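Engineer: Attaching a single structure in structure tokens format; questions to follow.
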Amino acid sequence: METNPVPQGQPPKNNRNMIIGVVIALVLCCCCIVTGVGGYYGYQAYVVAQQVVEDIEDFPIPSDPNATPGSPSFDTSGEVPEGGLADEQTRVFAWASVQLVGIMSGCNTPTVEGTTITVTQQPDAGGVWYEDWNVNCGDGSTKTFPIKFTPENGVVNVEVEFQP
């Protein structure tokens, strides 16, 4: 039986370091590719979201100061009714919701001036509370809209009860 003798004084060749280097290079390349693809699709989602925001901002809100009495219009003064337990941002959303529901229920030109907020139920263990918004309909009449405020995941959801 013949064997290949290892020459004296030379260690056997070891490719382990080269294999480790190639594996690390492949892993880094894969990470770069995944990051690039994720960045591309993330940017595409960002562009679509920006377009949606622009579309919403450009949505025409009916507001004509010369409108005939009785025709529906939003109060776009930028003011919101004072009072209640909600913060400014939540009251802005609630005011927009009250105006929409108000217009659908015959309160055609809801205005901030003369609108009052009364807390009807303090927050319960879950943080839910109720308020009545007595809205000036702009024609000398007022209408009361019960609203339920529900804190959820750092946001307060607003539910306006429809008043026919």
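The values are calculated or read from the model by the stated rules, or taken from the named source; none is laboratory data. From a predicted model like this one, the values you see are computed outputs, not experimental measurements. Cβ: placed from backbone, ideal geometry, glycine included. Neighbour counts: every protein chain shown.
Engineer: The conditions are (1) modelled with pLDDT of 70 or more; (2) surrounded by 10 or more Cβ atoms within 10 Å (Cβ to Cβ), and ILE56 fails exactly one of them. Which is it?
Structural biologist: Only one criterion is unmet by ILE56, namely (2).
Engineer: Say we look at the range 117-139 and pick out the residues that are among the acidic types (Asp, Glu) and under 21 Å from GLY154 (Cβ atoms); which of these is surrounded by the fewest Cβ atoms within 10 Å (Cβ to Cβ)?
Structural biologist: ASP124
Engineer: Sort out which residues of the range 151-164 are in contact (Cβ under 8 Å) with a residue 24 or more places away in the chain and among the polar types (S, T, N, Q), and write them in order of number.
Structural biologist: Within the range 151-164, just GLN163 meets the criteria.
Engineer: I would also like to ask the following. Based on this model, can you work out whether VAL92 counts as in a strand (DSSP E or B), under 20 Å from GLY78 (Cβ atoms), of a type in the set (A, V, I, L, M) and within 23 Å of the chain's Cα centre (by Cα)? Break it down stepwise before answering.
Structural biologist: Values: in a strand (DSSP E or B): no; under 20 Å from GLY78 (Cβ atoms): yes; of a type in the set (A, V, I, L, M): yes; within 23 Å of the chain's Cα centre (by Cα): yes.
Spelling it out, it is not the case that VAL92 is in a strand (DSSP E or B), under 20 Å from GLY78 (Cβ atoms), of a type in the set (A, V, I, L, M) and within 23 Å of the chain's Cα centre (by Cα).
Engineer: Just name the residue that is surrounded by the most Cβ atoms within 10 Å (Cβ to Cβ) out of those in the range 70-93 that are in contact (Cβ under 8 Å) with a residue 40 or more places away in the chain and aliphatic (A, V, I, L, M).
Structural biologist: ALA86
Engineer: Let me ask you something else. Does at least one position in the range 104-114 carry a residue that is closer than 15 Å to LYS143 by Cα, assigned by TED's automatic domain parsing to the domain that holds VAL128 and part of a helix (DSSP H, G or I)?
Structural biologist: yes
Engineer: Further, regarding this structure: State whether the residues of the range 126-135 include one that is part of a helix (DSSP H, G or I), within 21 Å of SER73 (Cβ to Cβ) and polar (S, T, N, Q). Don't jump to the end; show me each part of the working.
Structural biologist: Step one: of the range 126-135, the residues part of a helix (DSSP H, G or I) are none.
No: the range 126-135 contains no residue that is part of a helix (DSSP H, G or I), within 21 Å of SER73 (Cβ to Cβ) and polar (S, T, N, Q).
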